[in-house]
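Visitor: Dumping the structure here so I can ask a few things about it.
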Amino acid sequence: MRTVNDLVKGFMSSKWLVVSIILYGVLCRSHEYLINRSLRSDEARYAVKITQLSYEALLNPLKETVDHLHIKFNPGPLGFFYFSKFFAGLAGDSEYILRLVPFISGVLSLFFVYKIAQRYLEPLAVITALFLFSTLRSLIYRSADFHPYASDVLITLLLYLMMDYLKNKELNKKHIVLFSLLGAVAIFFSFPAIFTLAGLATSFIIITFAKEKKPANSIMIIFFFWAISFIFYYLSYLRLFLSTLAWNEGGMMPILPAWDWLPELAYKTFAIDPMNFLFWYLPAVLYLAGCVSLYLRDKEKFLYLSLPTLFTFFAAGIRVYPFSGRTILFLMPAFIFFIAEGISLVHRICRPKYSLVTMFVLIFLLLQLLKPSVYYLIHPFRNEEIRSVIRQAKKLKQKDDLLYVHYLSAVSMGYYGKKFGFIETDYLVGNRCRLAKDLDKCLELGSLKEHSKVWIIYFPDMEGGRRFIGRLNRVGQKLYEYKEPGASLVLYDMQKHMANIH
């Protein structure tokens, strides 16, 4: 009679299970891509920049060149911008085209993460890791997001595969040139690739010396070329961001974090973003258990998976790269591998008598990610759906009406306005205002009072948008409102209530 352990082992080794999980991951990512939600304001910021700036201007990314839109350039890898600009020039700058690279990256990552998991983990952990990777909401969402985060994950996985080849093969001159260029290209296309490369290279050197061997000259040449490529890229591009407040995600930390600070970091990582577990303490404990387990089972694999995270910690400690949210999405394969290794450790401890314990922990963990992934397949997530709002404004606005765009919506207007026939003189972009005392300046009441009918485009879910519309309700009469998720078009009669302005 087959034991529970035998049944688990047979089920986990099923090829159909692997195919089903990958197909489900492809389905989730395809659905996220095909619903074609409006570009959020931070996506539109990238879209406006790559469509309106030349290749040369992109080299000076902090310069404001679209002043009427109040656009500040968010940091991003130069290679990603150049590639996106080139591709948009060939096929157009629609949402589908802009998000095509992240989508392809998200789908390909499913296959590569499975391949790498097979080399690092035991069968139960392989399936667990694949399932976690396929259903993790942040990975699904970012596969249809015009940012380099999905491609960061793919590049990380490719670098692991490259390193696996480097440490197991004899290298000739062609290999040296090829892998040197691959590392350089990775740095050009992905900010965090430098942490992955540094972690992998350092791991290889530590392991080689631990075996009382000297690293081969060929691989040291490759590592040296990676370092030179990074120095050149840093001096010509990256250093522009270090003297600014361009990173707004938070996540900076002391180099030696206090113990009372670590639980907060664990909570933000496992419960909020990017892992989004409801009962976050379970994956956090499994992650730690997986680190211990893999260290005892295979120190080399532990080093390769853990050192990129440590380098990212150090970068956050010296305040050059945030350890927070989407910026550490590239670390999710390693985090998932350690969690899966933790599950495998529980299975080894509990089998054969208490195998049901493993099944309970596994199901409880996986359902936390499966439930939201199924929910968003049925109820697609939409936010900042400003595309329909701008279309409605074009349809309803009369010649003598004023169209006023709140400054938080300006970059979205810059992207979508031209698509619906608006030119720069067709609308007024509000000034930046963050404090309540600045609202009258933001409203530019001197301009608004000259028009009886004023159309307003704004984001009602943002605090600045709520304060803004609250002030308008006191000085004008609302005549009409058109709502979409996260975006609104409102018509005000300003002249009837101008006497209420103090």
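No lab work stands behind these numbers, since they all come straight from the coordinates. The model shown is predicted, which means the values in this text are computed figures rather than measured ones. Using ideal geometry, Cβ is built from the backbone for each residue, glycine included, and neighbour counts are taken over all protein chains shown.
Visitor: Averaged over every viewing direction, what's the projected area of the C-alpha convex hull for segment 189-235? Give it in nm², one decimal, please.
Guide: The orientation-averaged projected area of the Cα hull of segment 189-235 comes to 3.3 nm².
Visitor: Highest mean first, how do 47-60, 175-188 rank when packing is the count of other Cβ atoms within 10 Å averaged over residues? Mind dumping the intermediate values first?
Guide: Numbers: 47-60: 16.5, 175-188: 18.1.
Those peptides, ordered most packed to least, come out 175-188, 47-60.
Visitor: Let me ask something additional. State the extension gain, in nm to one decimal, for the chain segment bounded by residue 318 and residue 374, taking 0.36 nm per residue of separation less the distance between their alpha-carbons. Before the final figure, lay out each step's value.
Guide: Working: separation 56, 0.36 × 56 = 20.16 nm, distance 3.98 nm.
Full-extension gain reported as 16.2 nm.
Visitor: Which links in 397/419; 211/301; 399/483; 174/211 stretch past 24 Å when you go from one Cα to the other? Please list the in-between numbers first.
Guide: Working: 397/419 16 Å; 211/301 15 Å; 399/483 22 Å; 174/211 27 Å.
From 397/419; 211/301; 399/483; 174/211, over 24 Å: 174/211.
Visitor: Oh, and also: Rounded to whole Hz and in sequence order, give me ³J(HN,Hα) for segment 316-333 from the Karplus expression 6.51 cos²θ - 1.76 cosθ + 1.60, θ = phi - 60°, writing x for Gly and Pro.
Guide: 5, x, 9, 6, 10, 7, x, 9, 6, x, 5, 5, 10, 4, 5, 7, 4, x
Visitor: Here's a follow-up. For the chain, find the longest principal axis of its Cα atoms and tell me its angle to the long axis of helix 463-475, 0 to 90°, nearest 10.
Guide: Taking the Cα atoms of the chain, the angle to 463-475 is about 10 degrees.
Visitor: Also: Along the charge dipole of segment 92-201, Cβ charges K/R +1 and D/E -1, which of 191, 201, 149 sits furthest on the positive end?
Guide: Of the listed residues, the answer is 201.
Visitor: Name the residues whose placed amide hydrogens come within less than 5 Å of the amide hydrogen of residue 403, ignoring near sequence neighbours (fewer than 5 apart) on the same chain.
Guide: Long-range HN contacts for residue 403: 428, 455.
Visitor: Further question: Quick one: net charge of residue 365's neighbours, Cβ under 15 Å, K/R +1, D/E -1? Don't jump to the answer; show the numbers that get you there.
Guide: On the way: positive: 137, 371; negative: 341.
That sum, taken over residues with Cβ under 15 Å, equals +1.
Visitor: On C-alpha positions alone, give me the angle between the axis of helix 41-52 and the longest principal axis of the chain, in degrees, nearest 10.
Guide: With both axes taken from Cα atoms, the answer is about 80 degrees.
Visitor: Charges at C-beta only: +1 for Lys and Arg, -1 for Asp and Glu. How large is the resulting dipole of the chain about its Cα centre, in Debye rounded to 20? Walk me through the numbers before you get to the answer.
Guide: Numbers: 56 positive and 37 negative charges, 127 e Å.
Once rounded to the nearest 20, the dipole reads 620 debye.
Visitor: Can you sort 99, 326, 119 from fewest to most other Cβ atoms within 10 Å of each residue's own Cβ?
Guide: On the way: 99 24, 326 19, 119 11.
The order, fewest Cβ neighbours first, is 119, 326, 99.
Visitor: Still on this model: Cα axis of helix 355-378 to longest principal axis of the chain: angle in degrees, 0 to 90, nearest 10?
Guide: 30 degrees
Visitor: Using the Cα atoms of the chain to build a convex hull, what is its mean projected area in square nanometres? Write down the numbers at each step before the final one.
Guide: Values: hull surface 109.8 nm².
Averaged projected hull area, Cα only: 27.5 nm².
Visitor: Using the charge dipole of the chain (Lys, Arg: +1 at Cβ; Asp, Glu: -1 at Cβ; taken about the Cα centre), state which of 55, 367, 482 has its Cα farthest towards the positive end.
Guide: After comparing all options, I get 367.
Visitor: Quick check on segment 101-228: what are the equivalent-ellipsoid semi-axes from the Cα gyration tensor, as sqrt(5λ), descending, whole Å? Before the final figure, lay out the partial values.
Guide: Numbers: eigenvalues 153, 69, 26 Å².
Largest first, segment 101-228 gives 28, 19, 11 Å.
Visitor: List 126, 361 from most exposed to least, where exposure is judged by having the fewest other Cβ atoms within 10 Å. Please report the intermediate quantities before stating the final value.
Guide: Working: 126 23, 361 17.
With the fewest neighbours first, 126, 361 line up as 361, 126.
Visitor: If you take the beta carbon distance between residue 478 and residue 418 as r and set R0 to 22 Å, what does 1/(1 + (r/R0)^6) give as a FRET efficiency, to the nearest 0.05?
Guide: On the way: r = 28 Å, r/R0 = 1.29.
Here the calculated transfer efficiency is 0.20.
Visitor: Excluding residue 348 itself, what net charge comes from residues whose Cβ is under 10 Å from its Cβ, given Lys and Arg +1 and Asp and Glu -1? Before the final figure, lay out the partial values.
Guide: Numbers: positive: 297, 351; negative: 122.
Taking every Cβ under 10 Å from that of residue 348, the sum is +1.
Visitor: Here's something else I'd like to know. Using modelled backbone amide H atoms (1.01 Å from N, in-plane), which distant-in-sequence or interchain residues come within less than 5 Å of residue 479's amide H?
Guide: For residue 479, the qualifying residues are 491, 492, 493.
Visitor: Using Cβ counts within 10 Å as a stand-in for footprinting exposure, how do 379, 406 rank, fewest first?
Guide: On the way: 379 8, 406 24.
Sorted ascending by nearby Cβ count, the order is 379, 406.
Visitor: Could I ask something else about it? Using label points projected 7 Å from each Cα along Cα→Cβ, tell me how many nm separate residue 239 and residue 278, to one decimal.
Guide: Computed distance between label sites residue 239 and residue 278 equals 5.1 nm.
Visitor: Looking at 121, 96, 221, which one has the Cα that reaches farthest to the positive end of the dipole of the chain (charges on Cβ: Lys, Arg +1; Asp, Glu -1)?
Guide: My answer, from the dipole projection, is 121.
Visitor: How large is Rg over Rh for segment 326-397, taking Rg from the Cα atoms and Rh as the Kirkwood inverse mean of 1/r across Cα pairs?
Guide: Working: Rg = 21.4 Å, Rh = 16.1 Å.
Result for segment 326-397 is an Rg/Rh of 1.32.
Visitor: In a shell of Cβ-Cβ distance under 11 Å around residue 422, excluding residue 422 itself, what net charge do Lys and Arg (+1) and Asp and Glu (-1) give? Kindly include the intermediate steps, with their values, before the conclusion.
Guide: Values: positive: 391, 394, 397, 418, 419; negative: 424, 426.
With Lys, Arg at +1 and Asp, Glu at -1, the neighbours total +3.
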